[in-house]
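Here is the structure we will look at, set down as C-alpha cells.
The values are calculated or read from the model by the stated rules, or taken from the named source; none is laboratory data. Here the structure is a predicted model, which is why all the values come from computation and not from measurement. Here the Cβ positions follow ideal geometry from the backbone for every residue, glycine too, while neighbour counts run over all protein chains shown. Accessible surface areas use protein heavy atoms only, side chains included; no ligands, DNA or RNA. Shrake-Rupley method; radii C 1.70, N 1.55, O 1.52, S 1.80 Å.
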Amino acid sequence: MTLTADSLLLFGATGDLAQRMLLPSLFALHADGLIPPQLAMPCTADGELTSDDFRSLVGAAIERYLPAERRRPGTAWDFLKQLRYVQLDASQPESFGVLSKALGNGGTRNIAIFLSTAPSLFSPTIAGLQYTGLTGERARIGLEKPLGHDLASSRVINDAVAAAFPEERTFRVDHYLGKETVQNLLALRFGNWLFEPLWNASGIDQVQISVSETMGLEGRSNFYDDAGALRDMVQNHMLQLLALVAMEPPAHYNAAEVRDEKVKVLRSLRSIDRTAAATHTVIGQYGAGAVDGRLVPGYLEELGKPSNTETFVALKVHVDNWRWKGVPFYLRTGKRLPLRESEIFIQFRQVPHSIFEDRGAVVQPNKLVIRLQPEENVSLLVMAKEPGLDRDGIRLREVPLDLSLTSAFAGAPRRIAYERLLLDLIEGDPTLFVRRDEVEAQWAWIDGIRDGWVFNQMTPRLYPAGTCGPSAAIGLTERDGVSWHD
Ligand code: BG6
C-alpha cells in the first residue's frame, strides 16, 4: 500500500514555477485541509535566504498568483510556518547533508520529492539524494519538464532517475493531466454510453486539438528558443490530449491501465517522415503585431538575436490502428495568437442519407467541442428545425447542447492543475503522471518530425502577432476540405 508522504521536499523553490504555481497550490490545498497539518516542507534553492525571508516571498506569491476567493488570509501563517528554507547547492552532492537535519529522521520518513529545477541539475540532485540516503523505498520523486530535448537526452535523464527511483516511484509531471476538463474528457467518454459507440473511424470524421496562447516569451527566452512550440507544447501536452481522446477504454481507472492504453496510441502515431514533413506540418514565427489591443514586438525583437525557432506549429496526424484508420487529427498551437483558448473539437460523420434533401434543408454533421480554457465547457452541436410552418421548405439549424462546467458546478472551487498533481504525489497515486514508455514514444515521434524539418530545410513562416498563425496552416486543413474550428 502506498503511504501518504509526511515530508515534501521541494527543489528549485525560488524559481518561477514554484512561486507561480507550486507554492500557491500547496497553500490552497492546506487552506482546504487537504494536506496533513504535520507535513514537513523543506524548500531548497541556492540563494542565501532565511526561512523568514522565504516565507515572505511565498506570502507575496500567494497574494499575487492565487485568485482572491481562494486566499483565506487567516490560514496563511499556519501554512507558511510549515515551510522551511534550506540553502543548498544542488550541483554538490556533499552539501545535501543539511537535508537530513531539515527532515529530522530523514531515512525513515515517507518523502515526496519534487524537482522544479533546470534538468541539468536532475542528475546531481539525485546523486545528492542518494548520498544522503533519501532515495529509499519510502521516497518518491516528481519531475517537471523539460525531460530532455530529444529521445536520446530524455533517456539519459530517465536513466539517471531510474538509478535511484524505480518507475513506480517516479512521477513525471505534465500539468495538462491535472486540468479539470482533461479529467472530464474521461468522464465524458467512459461515463456515458452515448459517445463510445460512435467514437471511431465509422462515427468520427476528423479531430482537432488547438492550444492557442496570447503570450510571447515572458522572460523565458533562453529556454523557449532552444525548445520551440513542437517540443514545448506538442511533445507533451498535446500528445497527452490526443492519447486521451484516442485511447481504448481501460478496464479500470488506475495508473497501470490508463497509461497502458495511452502508450498504445502514442506508439500508433504514424511517423511524419522526411517526405511528409513538408506536407503534414506548418511552422511559423510571430512578427510584431497587436494582441489584446496592445502593440507587441516580434519574436526576434523580444529575443534580441536571429533565430529559426518556431512559435507556431500545425500538424496533420494519423493514429494507425483499427479504431482510427483514416481519421485525421489536426493539431495546432502557437504563441501570440489572438486568444487564449484550448479546445478539442470532434466532428462526427455526416448522416448516411438526408431525408430532408427534397425539402431544401441542409444537414450539418454533429460536432463536440470540449473547451479546456479559458472557460471549461462542453458543447454538442446538433441539428434542430427552425420553428415555423415550413411552407417554403424546412430549415434546419445547428444548435448547441451546452454543458458549462463552470456554472453546473458553480459551488466547487476551480483548482490549479498543480493542486491535484501535488496531492497525488503526496498520496502516491501515479495515474496522472507520465510513464517512461509514454515520454519515450512521444520523443521518438517528435524527433522524426524535427529530422524532416532539418532535411527539408524548413524555416518558420512569419505571422503577425495577434493573427491565427501563418496562412499555410489554413491550407493544411483546407486541402482536405476541412476548416479549423475558430
Ligand atoms: C508550458 C509551456 O508547459 O505550458 C508554456 O512551457 C505554456 O510555454 C504553458 O505557456 C501553457 O500552459 P497553460 O496551462 O497556461 O495552458
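Worth a mention:
- Residue ID - nearest to the ligand (Cβ to nearest atom), chosen from residues in region 355-376 that are surrounded by 19 or more Cβ atoms within 10 Å (Cβ to Cβ) and assigned to a loop (DSSP other than H, G, I, E, B): Glu376
- Considering (1) within 25 Å of the chain's Cα centre (by Cα); (2) surrounded by 17 or more Cβ atoms within 10 Å (Cβ to Cβ); (3) of a type outside the set (A, V, I, L, M), the lone condition that Gly287 does not fulfil carries the number (1).
- Among all residues of region 226-243, there is at least one that is acidic (Asp, Glu), farther than 28 Å from Gly191 by Cα and either surrounded by fewer than 21 Cβ atoms within 10 Å (Cβ to Cβ) or not assigned by TED's automatic domain parsing to the domain that holds Pro328 (or both).
- Matching residues, region 144-162, being open to solvent by 20 Å² or more (accessible area, probe 1.4 Å), more than 16 Å from the ligand (Cβ to nearest atom) and under 16 Å from Ala441 (Cβ atoms): Asp150, Leu151, Ala152, Ser153, Arg155, Ile157
- If the condition is being in contact (Cβ under 8 Å) with a residue 60 or more places away in the chain and either polar (S, T, N, Q) or open to solvent by 10 Å² or more (accessible area, probe 1.4 Å) (or both), then region 192-212 contributes Phe195, Leu198, Asn200, Ala201, Ser202, Asp205, Gln206, Gln208, Ser210, Ser212.
- Flag if Arg189 is open to solvent by less than 50 Å² (accessible area, probe 1.4 Å), away from the ligand (no atom under 13 Å from the Cβ), touching a residue at least 40 places away in the same chain (Cβ under 8 Å) and not in a strand (DSSP E or B): yes
- Helices (runs of 4 or more DSSP H) contained in region 13-111 and holding at least 2 residues within 22 Å of Glu419 (Cα to Cα): 23-31, 51-65, 73-80
- Residues that are crowded, with 19+ Cβ neighbours inside 10 Å, away from the ligand (no atom under 14 Å from the Cβ) and not in a loop (DSSP other than H, G, I, E, B) within region 304-327 comprise Ala314, Leu315, Lys316, Val317, Val319, listed in sequence order.
- For region 13-50, a residue qualifies if it is in contact with a Cys (Cβ under 9 Å, 6 or more places away or on another chain) and open to solvent by less than 50 Å² (accessible area, probe 1.4 Å), and the qualifying residues are Ala13, Ala18, Leu23.
- The helices (runs of 4 or more DSSP H) found entirely in region 196-273 that carry 3 or more residues being over 16 Å from the mean Cα position of the chain (by Cα) and away from the ligand (no atom under 13 Å from the Cβ) are 255-268.
- Selected residue [in the same structural domain as Gly388 (by TED's automatic domain parsing) and touching a residue at least 60 places away in the same chain (Cβ under 8 Å)] from Gln347, Gln364: Gln347
- Listing of strands (runs of 3 or more DSSP E) fully contained in region 377-486 that carry 2 or more residues being open to solvent by less than 60 Å² (accessible area, probe 1.4 Å) and closer than 27 Å to Phe345 by Cβ: 377-385, 396-404
- Among the residues making up region 328-354, those that are within 16 Å of the ligand (Cβ to nearest atom) and either assigned to a strand (DSSP E or B) or closer than 27 Å to Glu248 by Cβ (or both) are Leu331, Arg332, Thr333, Gly334, Glu341, Ser342, Glu343, Ile344.
- The residues listed here are Leu396, Leu421, Leu425, Leu389; of these, the one that is within 16 Å of the ligand (Cβ to nearest atom) and at pLDDT 90 or above is Leu421.
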